[in-house]
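What follows is a single structure, written as structure tokens, with notes after it.
Read-outs throughout are calculated quantities, based only on the coordinates presented, and are distinct from any laboratory measurement. These numbers were taken from a predicted model, which means no experiment stands behind them. We place every Cβ from the backbone using ideal geometry, glycine too, and count neighbours over all the protein chains shown.
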């Protein structure tokens, strides 16, 4: 009989450990960037901060502001890494078979659906098109908090959180591609598809050194940007098309690309995006209005309450209807703690807020996301500490 939350293989445990270490550093930098942005936007640095965000550079159609470069360009690196992680998971990780993939994918899917439904039910009619704001999990923040407060948490649960968040990223990029794309420029889109197809063919034939693959990837990104579909879609597509198989003693293209782009993503791309996106001006009045504002209330409740219900409910449904057994190392209280932790959503949620809401509503959404992330963090910290102590006492006994 299949077991839910299986213990990872030794090879996968090593990969998870390395990945957690990098993402933990990235989460710390992300937190620093958020604090720096809030200080800059609410102090005497405000004018300089706004000038920095509005500063344009580039040529022709790529003459973009710093904020636009962070959203369209740097965030594509983050999604490229997500695509590479997914490719690795599909090849040798938790998603390589239907039996092992069913749990994290179902938990991720229902964990996105429930917050979306809660948001639609609570938000005003003018904001319901932004239903995807509370759906995505912020991997870097979650893993940082897990490292700080989750001492003693079993490794199967850590691997589950990682796989869940990766599947969440895939769901987010699908939502952006299908529901938040502008009117499509078909010539540019076909160019992007052709570039991606060429990249995939060369990767499959193992004849795609970096000096060929990188220019093709850049062309695909630019064409996707020009097509009206958010350029981050190209990032995840390139990651999924990269060859994950090793040749002799050499590392695979996925491993080589991950080792180069993951530090760039967690150390530079995500922190700079957060610094440009979360610089909202607020005071006591704006904070006190959060409970009465339908948009803010919908975001906070959907994230803090809906996300854990969706994830735990999705896992329970798999256990109930596939007759799978829960791994003996963990309990449903552990799964609940991870569900609460997954309520932390920031980076992708800010992106969806930017592209789905009018500019007049963005500050309210960003404030609600900030408050929801803080609340989820506090609840998750408490839950993880309690569960960690339980597991350490069990091991001591």
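Things worth noting here:
- The chain: relative contact order as a whole-number percent, Cα under 8 Å and 6+ apart: 31
- Percentage, to the nearest whole number, of Cα pairs in the stretch 82-195 over 25 Å apart: 37
- Pairs of Cα atoms farther than 16 Å apart, the stretch 220-275, %: 58
- Taking label positions 7 Å along the Cα-Cβ direction at both residue 56 and residue 385, the computed distance is 5.1 nm, reported to one decimal.
- Comparing 253, 63, 243 in a Gaussian network model of the chain where C-alpha atoms under 10 Å apart are linked, the largest mean-square fluctuation is found at 63.
- With the simple spin-label model, which puts each label point 7 Å out from Cα in the Cβ direction, the residue 121 to residue 187 separation comes to 4.8 nm.
- The alpha-carbon atoms of the chain define a convex hull whose volume equals 146 cubic angstrom per residue.
- For the pair residue 47 and residue 206 in one chain, pulling the backbone fully straight at 0.36 nm per residue adds 52.2 nm over the alpha carbon distance.
- Largest GNM mean-square fluctuation across 87, 303, 320, computed for the chain with C-alpha springs under 10 Å, falls on 320.
- Shape category assigned to the stretch 312-388 from the gyration tensor of Cα positions, a/c cut at 1.5: oblate
- Extension gain, residue 194-residue 359: 0.36 nm per intervening residue step, less the Cα-Cα distance, totals 56.0 nm.
- Packing-based order for 157-167, 43-53, 257-267, using average beta carbon neighbours within 10 Å, highest first: 157-167, 257-267, 43-53
- Among 81, 66, sorting on how many other beta-carbon atoms sit within 10 Å of each Cβ, with the fewest leading, yields 66, 81.
- Rg in Å to one decimal, and Dmax rounded to a whole Å, for the stretch 261-392 via C-alpha atoms: 17.5, 52
- Computed [θ] at 222 nm, helices only, for the chain once each DSSP H run of length n ≥ 4 contributes -39500 (n - 2.57): -23000 deg cm²/dmol
- Normalised per residue, the volume of the convex hull around the Cα set of the stretch 65-135 (Å³): 93
- From least to most packed, judged by other beta carbons within 10 angstrom and beginning with the fewest, 126, 68, 89 follow the order 126, 68, 89.
- Candidates 145, 270, 190: whichever shows maximal mean-square fluctuation once the chain is modelled as a Gaussian network with Cα springs under 10 Å: 190
- Equivalent ellipsoid semi-axes - Cα gyration tensor, the stretch 149-203, angstrom: 36, 17, 6
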